[in-house]
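Structure, as structure tokens:
The values are calculated or read from the model by the stated rules, or taken from the named source; none is laboratory data. Computed from a predicted structure; not experimentally measured. Cβ placement follows ideal geometry from the backbone for every residue including glycine, while neighbour counts extend to all protein chains displayed. Surface areas here come from the heavy atoms of the whole protein model, side chains and all, with no ligands, DNA or RNA. Shrake-Rupley method; radii C 1.70, N 1.55, O 1.52, S 1.80 Å.
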Amino acid sequence: MIDDLKRLIDSRELLWAWTGRNIKARYQQSVLGWLWAILQPAAQVVIFTVIFTLFVPVNTGKTPYILFSYAALAPWAFLSSAIVDMSTSVVGNMSLVTKIYFSREVLPVSAMLARLMDLGVATGLLIVIMVYVKVPPYPLGWLFLPLILITQILLVLGIGLASAAASVFYRDVQSVLSLVVQLWFYASPIIYPVSAVPERFRAAYFLNPMAGILEAYRDVLLYGRLPGTTFGVASAISVCVFLVGYWFFKRTEFVFADIV
């Protein structure tokens, strides 16, 4: 696996070029362009804020609901969109796979990096909201943001690489994945706090790595504290998912070109 990662690093020029191609293709002939990276999660947050503030109030303590939900929705949007894009990255480029040799993981990894750019844009709105509602920064906690992001990236890569490989053999993987992502959304603390989960279920609940990751984002951004032990659990699971997903991709990539 280390040798495979070295080859991927050696292919970084192709990786960046393909990432740029993905970004240009997505926003080509788009009037709003990069603004879609903000408008999509922002629209959801507005809807959730109206519903869970006026109609079905959700207790988020002293944190305004719009900030509470957006702090989790922005990284969730990255995960959900990246996984879906990665799952179709190999199948959608079979003409290249069957004719040219290159590190096949360039395709799904570049799809993920393109969505990572969207997360960077969406984070700008998060900072604006934090300034508006006067949430004080927590410098020590912000130092953990790269670690939290890397953990999420490993989780995304593991799932995305595995689904990209599986989609070559079974095209209904994409439909199944879309359903799983929808269910996963409600199984994660995005529109509700962890305190809403009964105590007796929380140990099982945090086996969902996104629960620990999203709570870690809120801890360092909103609550002024360091990530808790649940982030450690999420990190361990994310690393395992990445290793298994990458192994599965490399284990099956040799037959990609034989399947049309």
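Figures for the structure shown
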item	result
Computed lengthening from L226 to V121, 0.36 nm per intervening residue step minus Cα-Cα distance	35.3 nm
Gained length - L143 relative to V50, 0.36 nm times residue gap less alpha-carbon distance	30.2 nm
Extended-chain gain in nm, criterion 0.36 nm per residue less alpha-carbon gap, K24 and F185	55.2 nm
Lysines with Cα under 27 Å of K134, excluding same-chain neighbours fewer than 8 positions away	K62
Qualifying lysines (Cα of each under 19 Å from Cα of K6; at least 8 residues distant if same chain)	K250
Dipole magnitude (debye, nearest 20) for the stretch 163-260, charges at Cβ of Lys, Arg, Asp, Glu	160
Of all accessible heavy-atom area on the chain, the percent that carbon and sulfur account for (1.4 Å)	69
